[in-house]
Amino acid sequence: MYTLLFGGRYTRKLMNEIRLKAHAKINLGLDVLRRREDGYHEVKMVMQSLSLHDEIRIRKSRRPGIRISCDHAGVPTDGRNLVYKAAALLMEEFSITEGVDLMIRKRIPMAAGMAGGSSDGAATLVGINQLFQLGLSQKELMERGVTLGADIPFCIMRGTALSEGIGEILTKLPGMPSCYIVVAKPPIDVSTKFVYTNLKLNELTDHPDIDGMVEALDRKDLEGITTRLANVLETVTLPAYPVITELKDIMKTEGAQGSLMTGSGSTVFGIFTDEAKAKHCAYKILSKCYTKECFVTTPYSPAQ
Ligand code: ATP
């Protein structure tokens, strides 16, 4: 039997195991419009998937239950893991009595604003749906995914998208023009709660030009995109964590057309048209010991 892998490749496999790619994301633009009465923030963001990914392997087992293993010691392997929550959600709904073994190969930096956990959870929803032939559409998976986390619907859709509401209202956008993206996660963990609590919405004078960025994507205009890179959450993180500004500056000095912090941080990315310059930039960041987590990657679009 031929199975369509999440990453878009076909492979010959028996349906008792499936392997999926869980892609990282960055925000090319991030605006916060208002704080809702329930505490959630209404956002307007441009999301972009990256080739950088974790790998999730799901194997059916006669032994009931959900078991997780991971090659990264910092990742919880119990019910706190989004992979566990995603598997449990579908297995309970469809009364699946067999067990599953889930293996996570972690490559996306953690607590980084790159939706690593959300993407793993999204891939698990897609994988369980395929493995047990549940017949759920992408839309139905996204409706279930949002109950686990606001970023999960985008991580199921992947590619480039405008994200509104609390992050769950998605509009697919044309893919980003080809480029190289350096991502660097400094060795600091920024708490998302700290960032949103300290965001002074009333004092924001500049808002990202999200509509202009959407138009630039429509025109396939990379310069139009890189001149509009903006994230209102930087108003909190840049003063608190100088290393974020240092990384943004190094990327620009090394030839990035633009650089920005993604999500609530702490990862910084820079967009390059020249692969050699991108690699040199990553080399500089690694050799100056800003971080051990620095990669050169590219935008990712799922096969249509
Ligand atoms: P986001 O961009 O959605 O804010 P993030 O990149 O800031 O995500 P994650 O890497 O997803 O953050 O992880 C944050 C926390 O979530 C981790 O510290 C970990 O305890 C928990 N977690 C749950 N499931 C996973 C998973 N599969 N991979 C990594 N962390 C996970």
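The values are calculated or read from the model by the stated rules, or taken from the named source; none is laboratory data. This is a predicted model, so every value here is computed, not measured. Neighbour counts are summed over all protein chains in view; Cβ atoms, including those assigned to glycine, are modelled from backbone coordinates with ideal geometry. Just so you know, the surface numbers come from the protein's heavy atoms only, side chains and all, with ligands and any DNA or RNA stripped out. Shrake-Rupley method; radii C 1.70, N 1.55, O 1.52, S 1.80 Å.
With the whole protein complex present, His280 retains an accessible surface near 80 Å², based on a 1.4 Å probe.
Find the relative contact order for the chain and round it to a whole percent, using C-alpha pairs within less than 8 Å whose residues are 6+ positions apart.
Numbers: 681 pairs, mean separation 65.2, N = 304.
21 percent.
Where a ≥ b ≥ c are the square roots of the eigenvalues of the C-alpha gyration tensor, would you call the stretch 180-297 rounded, which needs a/c under 1.5, or, failing that, prolate if a/b is larger than b/c, or oblate? Verdict is oblate for the stretch 180-297.
Tell me the per residue accessible area of the chain using a 1.4 Å probe; a whole number in Å² is fine.
On the way: 13910 Å² over 304 residues.
Counting only protein heavy atoms, the per-residue value for the chain is 46 Å².
Based on DSSP H segments of at least four residues, each scored -39500 (n - 2.57), the chain has a per-residue ellipticity at 222 nm of -9000 deg cm²/dmol. Note on Lys288 and Ser69: their simple-model spin labels are 4.1 nm apart, each label 7 Å out from Cα toward Cβ. Global size of the stretch 126-203: 16.5, 51 Å for Rg and Dmax (C-alpha atoms, Rg to one decimal, Dmax whole). Determine the distance separating the Cα centre of the stretch 69-102 from the Cα centre of the stretch 182-221; give it in Å without decimals. Value for the Cα centre distance between the two parts: 31 Å. Listed values for the stretch 83-91 are Karplus-derived 3J(HN,Hα) couplings in whole Hz (6.51 cos²θ - 1.76 cosθ + 1.60, θ = phi - 60°), namely 5, 5, 4, 5, 5, 4, 4, 6, 5, and x replaces Gly and Pro.
Angle of helix 242-253 to the longest C-alpha principal axis of the chain, folded into 0 to 90 degrees and rounded to 10: 80°.
Simple point charges give the picture: +1 on the Cβ of Lys and Arg, -1 on the Cβ of Asp and Glu, and for the chain a dipole about the Cα centre of about 1200 debye. So what does Cys289 come to for accessible area, using a 1.4 Å probe and Å² rounded to 10? Surface accessible to solvent at Cys289 totals approximately 110 Å².
Simple spin-label estimate for Ser51 and His280 gives 2.0 nm between the two label positions (7 Å along the Cα-to-Cβ direction from each Cα).
Axis angle, to the nearest 10 degrees, between helix 116-131 and the longest C-alpha principal axis of the chain: 30 degrees.
Report, in whole Å, the centroid distance computed from the Cα atoms of the stretch 122-156 and the stretch 258-280. So the two Cα centres are separated by 29 Å.
If a/c stays under 1.5 just call it rounded; otherwise compare a/b with b/c (prolate if a/b is bigger, oblate if not). Do that for the stretch 68-154, with a ≥ b ≥ c from the square roots of the Cα gyration tensor eigenvalues. Taking the square roots of the gyration eigenvalues as a ≥ b ≥ c, the stretch 68-154 is oblate.
Order Thr205, Thr237, most accessible first, counting only protein heavy atoms with a 1.4 angstrom probe.
Values: Thr205 125, Thr237 0 Å².
Ranked list, largest accessible area first: Thr205, Thr237.
Taking one quarter of the surface of the C-alpha convex hull of the stretch 2-172 gives a mean projected area of 9.9 nm².
Using a 1.4 Å probe on the protein heavy atoms only, what accessible surface does Lys279 show? Give it in Å² to the nearest 10. Spelled out: Lys279, probe radius 1.4 Å, area about 120 Å². Which residues does a label at Arg35 reach in the stretch 195-233, if reach means a backbone N under 12 Å from a point 7 Å past the Cα toward the Cβ? Counting backbone N atoms under 12 Å from the label point, the list is 195-203. Under the simplified labelling scheme, the Lys139-Glu17 pair shows an inter-label distance of 3.6 nm, with each label point 7 Å from Cα along Cα→Cβ.
Each residue of the chain gets 131 Å³ once the volume of the Cα convex hull is shared out per residue. Peptides 27-40, 110-123 ranked from most to least packed, by the mean per-residue count of other Cβ atoms within 10 Å: 110-123, 27-40. For the stretch 160-189, backbone nitrogen atoms closer than 15 Å to the point 7 Å from Lys220 Cα along Cα-to-C-beta are found at 174-179.
Based on Cα contacts under 8 Å between residues 6+ apart, the stretch 2-172 shows a relative contact order of 26 percent.
I'd like the carbon and sulfur percentage of the solvent accessible area for the chain, probe radius 1.4 Å, heavy atoms only, ligands and nucleic acids excluded. If you can, show how the numbers build up before the last one.
Details: 6920 of 13910 Å².
Accessible surface attributable to carbon and sulfur in the chain totals 50 percent.
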